[in-house]
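Structure first, then comments.
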Amino acid sequence: MPRFHVRITGADSEAMADLVRKHKARVAIHTLEKITKERYRIDAHVTGTQIRALESAGYEVARREDADKTGKARQKEIRKLTKASIATLEASPVEVATVGQYLNVAEVEAALAASAAPPNDSFTKLVRLPNKTWGNRSCNALKIAKGGGANRPGIFFVGGIHAREWGSCDILINFVQLLTQAYRTNSSVTIGSKTFSAAAIQKIVNTKDLVIFPQANPDGRLFSMTQQSMWRKNRRPAPAGSGPSCVGVDLNRNYDFLWNFTQFFDPNAPIVNSKDCHEDIFIGPAVFSEPETKNVRWVFDSYPNVGYFIDIHSYSEAILYNWGDDVNQTTTPTMNFRNAAFNGKRGIVSDTAYKEYIKSDDRTAALKLANGMRDAIKAVRNRTYKVMQSTDLYPTAGTSTDYAFSRHLTDAAKAKVFSYTIEWGSPDNQTPFHPPYPEMKKIIQEITAALFDFCIRAT
């Protein structure tokens, strides 16, 4: 069924919450605008049937584009590779800075492998992850570090979790290519008005351990690039007797943080999770049921010094920090996600029955790093990303960032991981999950600047 990119206006905050609770609209939650004292507006992707239902319920729905139709135009831009051209690609992989279209699945892997080859092999290593995808694809990460030893901060970046968010993989490949080249040549990197000195780049590689996992969901990415441009999930086979829309799991709802949300959340919470396999936000049959999320967990377990994590997504020009299940509070430590006394009370952001505990010092530190990324992005072309808590409007469970930050609280032997989601790109872009590549290249530079800034500040 076709999807439309729309802007929805509702009468009040409850009407906006009902977009999720009652109407199952897939809203870009961080685009919420308050346009009068009561009225709100938000960006969304919905079907034609949903548009008619929303209009009948009193919402104003302005169509911006037929996302599927425009997505087909994006798909035509993707390179088609034969076995022979893949061999050529592996010998001479593309540089993000010089290409004019999104990298396809094979190009991402070839570029990553090249970054681990001579002349970079003295400080990089290709890491084959242990779990193959449902499509029998192997996934790879790249470790960047010169030297070793105790007390080295670990930094972990992941991209491509949601299939239709094509630019996330390109962002991380661009970051890897710029970082490795600058380190090897002892050069600075300038992006917009922001310059990262050669000394700062040398310090990143010589004193810190970076793990970059740019293409976490290759099956879904391939399907989105060649079949359904708006596909979000992985490609887990559909259960017997169900249709093709039941294929896949939303990987960013499959992590071990309040995963079985109906047990933990208020029944009236407008949570953006579902147990229906037909939904884009299907949480999967079990926590960590998917090879892709198991690979992310494996990185955390295999590199226990990782204390910083960014999951790169689109869209809405936002930098999100923990928590995602409810509004933060710093005064009542016993009110936390581990306390079963609060089961059934989470997720209503306007009440006082539950707020998620975070230490004041942790919140301050998280905001400092986020604000640094915001400023680095702004220096590229004056775009201002919002820094906000993940639960901004609608709560979630089972996300990567909440899982990452919760690990040290469920197991004191694990490192504390300051965790972020970057939502790149403007809702004003055409096909905002995968905008035209000239715009995407500008976004790539913005987020690359943020990643450099983050690596310098992470200590």
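Figures for the structure shown
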quantity: Odd one out for residue 354 among (1) hydroxyl-bearing (Ser, Thr, Tyr); (2) under 27 Å from residue 21 (Cα atoms); (3) in a loop (DSSP other than H, G, I, E, B); (4) within 20 Å of the chain's Cα centre (by Cα); calculated: (4)
quantity: Among the candidates 172, 142, residue that is in contact (Cβ under 8 Å) with a residue 40 or more places away in the chain, touching a Pro at 6+ places or on another chain (Cβ under 7 Å) and open to solvent by less than 10 Å² (accessible area, probe 1.4 Å); calculated: 172
quantity: Every pair of residues 6+ apart whose Cβ atoms lie under 7 Å, when the first sits in the stretch 276-287 and is on the phi > 0 side of the Ramachandran plot while the second is in a loop (DSSP other than H, G, I, E, B) and crowded, with 18+ Cβ neighbours inside 10 Å; calculated: 284/249; 284/254; 284/290
quantity: Test: residue in the stretch 175-192 that is open to solvent by less than 10 Å² (accessible area, probe 1.4 Å) and more than 19 Å from residue 376 (Cβ to Cβ); calculated: yes
quantity: Residue count for the stretch 419-457, restricted to those that are in contact with a Leu (Cβ under 7 Å, 6 or more places away or on another chain), over 17 Å from residue 174 (Cβ atoms) and not in a strand (DSSP E or B); calculated: 1
quantity: Search result, residues across the stretch 134-163 that are assigned to a loop (DSSP other than H, G, I, E, B) and either of a type in the set (Gly, Ala, Ser) or within 28 Å of residue 425 (Cα to Cα) (or both); calculated: 135, 138, 139, 145, 147, 148, 149, 150, 160, 161, 162, 163
quantity: Hits in the stretch 408-445 - residues which are closer than 19 Å to residue 391 by Cβ and open to solvent by less than 20 Å² (accessible area, probe 1.4 Å); calculated: 417, 419, 420, 421, 422
quantity: Only one of 290, 279 that is among the acidic types (Asp, Glu), at pLDDT below 95 and more than 16 Å from the chain's Cα centre (by Cα); calculated: 279
quantity: Failed item, numbered, when residue 130 is tested on (1) in contact with a Phe, Trp or Tyr (Cβ under 7 Å, 6 or more places away or on another chain); (2) under 25 Å from residue 185 (Cβ atoms); (3) open to solvent by 20 Å² or more (accessible area, probe 1.4 Å); (4) not hydroxyl-bearing (Ser, Thr, Tyr); calculated: (2)
quantity: Qualifying residues in the stretch 240-276 (those that are open to solvent by less than 10 Å² (accessible area, probe 1.4 Å), farther than 17 Å from residue 347 by Cα and of a type in the set (A, V, I, L, M, F, W, C)) - the one nearest to the chain's Cα centre (by Cα); calculated: 251
quantity: Breaking point among (1) among the aliphatic types (A, V, I, L, M); (2) touching a residue at least 12 places away in the same chain (Cβ under 8 Å); (3) under 30 Å from residue 235 (Cβ atoms), for residue 97; calculated: (3)
quantity: Sole residue being open to solvent by 40 Å² or more (accessible area, probe 1.4 Å) and touching a Lys or Arg at 6+ places or on another chain (Cβ under 6 Å), chosen from 53, 62, 57; calculated: 62
quantity: Positions within the stretch 1-29 being open to solvent by 10 Å² or more (accessible area, probe 1.4 Å) and assigned to a strand (DSSP E or B), in sequence order; calculated: 3, 4, 7, 9, 26, 27, 28, 29
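The values are calculated or read from the model by the stated rules, or taken from the named source; none is laboratory data. This is a predicted model, so every value here is computed, not measured. Here the Cβ is made from the backbone with ideal geometry for all residues, glycine too, and neighbour counts use every protein chain on show. Heavy atoms of the whole protein, side chains included, go into the accessibility calculation; ligands, DNA and RNA do not. Shrake-Rupley method; radii C 1.70, N 1.55, O 1.52, S 1.80 Å.
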